[in-house]
Amino acid sequence: MSNLARIICLVAACLFRMTSIETVRAAQDAASPAPPAGIRLEVVVAHKNGPPVGGLEQKDFTIIDNKHPQPITSFRAVSGRDSQARIIVVLDAVNIDYERVAYAREEIEKYLRAEGGELTHPTSFALLTDQGMKLQEQYSTDGNSISAAVEANVTGLRSIRRSSQYGGFERYDISIAGLRELVRREVSSPERKIVLFVSPGWPLLSGPGIENALDSKQQKQLFDSLVNLSAEMQRANITLYSVNPLGTGESEVRASYYESFLKGVSESKRMEPGNLALQVLAVQSGGRAIDFNNDVAAVLRQCVADTQNYYEISFEPAPPDPKNYYHRVEVKLAKSDLAARARMGYYAEAGGDKR
């Protein structure tokens, strides 16, 4: 086995062993309203590059599951503070150098302190370091106090030695494990979460020659990791946004390469590490991957604005397919001048939002 394949195998095995069995507390809370049966989507509708649009009705939407129209079982238009969404701002101190981390921190603090520090939604902060994901325990609408926590947590960061032969694989492992740790914390809470991951993304570890370095067992392990993480994000009701703090300094080729993995993968033999890229997970969750913008604070506000108008739509899944078969979901609109953004799919084994 080559060194490349050995490292990928170790990464896959590490991810596969992670489970969410310890996160069940709020799911049993009798005071919480029962979620609708089937698959639940949070759908943002907008004109191209415009703000979210409200005022639509159920008849304006058609849900397509694996090319089959599915009846809508529940529908709710959400606007303003009615969303009760929670915001989690994550600063990636693993995949960017310390100087850029300092800039990203300043931009996050600028976002938190705007409007006198009065946040529209309960917010918490998380910091990804080579020691793992450090999560702020409590949510708050006091942006000034969260900003102080950001500054305190960023002090004393230790960077990974990127001169190491396997620096890219090490960062890949730490990054995905950190995301999963965050998801596991939130999986038992029914509220919608907007995760703003300030990061250029972790190494894709994909491309010519990479796929040939994996044997079928290694591909199966990575595929199982993808299925498990996708299902946990779905149960946690997470919409993920990737906000690249490198701005206009990012390489156009590097920034767009993730797009080749957006369609989803249905079987392990087609699995590559790039299918677990941050940008891919973000877009597939119904969020966005935002590059080439130096005003990170403004981008964070733009992402949170997606909570001002959106639609909660549930539908029954299409007939079962083979285990772990990826179901591609499309949201069609009656008004051709509008576009919808929502979770792009789910795996058959996950069974949708059975929360």
Summing Lys, Arg as +1 and Asp, Glu as -1, what charge do residues with Cβ under 13 Å from the Cβ of H121 carry, H121 excluded? -1
Which net charge results when you count Lys and Arg as +1 and Asp and Glu as -1 among the other residues whose beta-carbon is under 12 Å from that of D65? +1
Can you pull the semi-axes for the range 62-114, root of five times each eigenvalue of the Cα gyration tensor, sorted largest first, whole Å? 39, 19, 7
Over the range 206-355, with neighbouring protein chains present, the accessible area per residue in Å² at probe 1.4 Å is 40
Quick one: 3J(HN,Hα) in Hz for the range 191-198, Karplus 6.51/-1.76/1.60 with θ = phi - 60°, rounded, Gly and Pro as x. 5, 5, 10, 9, 9, 9, 8, 7
Largest-first principal axis extents, alpha carbons of the range 38-156, Å: 53, 33, 29
Compactness summary of the range 178-291: radius of gyration and Dmax from Cα atoms, Å, are 14.3, 42
Just reorder E151, E252 by solvent-accessible area, largest first, 1.4 Å probe, all chains present. E252, E151
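With the convex hull built on the Cα atoms of the range 233-355, state its orientation-averaged projected area in nm².
Value for the range 233-355: 9.3 nm².
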Suppose we keep just the alpha-carbon trace of the range 168-229; what are its Rg and Dmax in angstrom? 14.2, 42
Length gained if K323 through N49 is fully extended, taking 0.36 nm per residue and subtracting the Cα-Cα distance, is 94.9 nm
Considering only the other residues whose Cβ falls under 13 Å of the Cβ of S175, what net charge follows from Lys and Arg at +1 and Asp and Glu at -1? -3
A102-Q131 pseudo-label distance in nm [points 7 Å out on the Cα-to-Cβ vector]: 2.1
Quick check: pseudo-label points 7 Å beyond the Cα along Cα→Cβ at A305 and E57, how many nm apart are they? 2.8
How big is the gap, in Å, between the Cα center of the range 80-154 and the Cα center of the range 214-270? 23
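The values are calculated or read from the model by the stated rules, or taken from the named source; none is laboratory data. On a predicted model such as this, the values are computed, not experimentally measured, just so you know. Cβ coordinates were reconstructed from backbone atoms using ideal geometry, including for glycine residues, and neighbour counts include every protein chain displayed. Heavy atoms of the whole protein, side chains included, go into the accessibility calculation; ligands, DNA and RNA do not. Shrake-Rupley method; radii C 1.70, N 1.55, O 1.52, S 1.80 Å.
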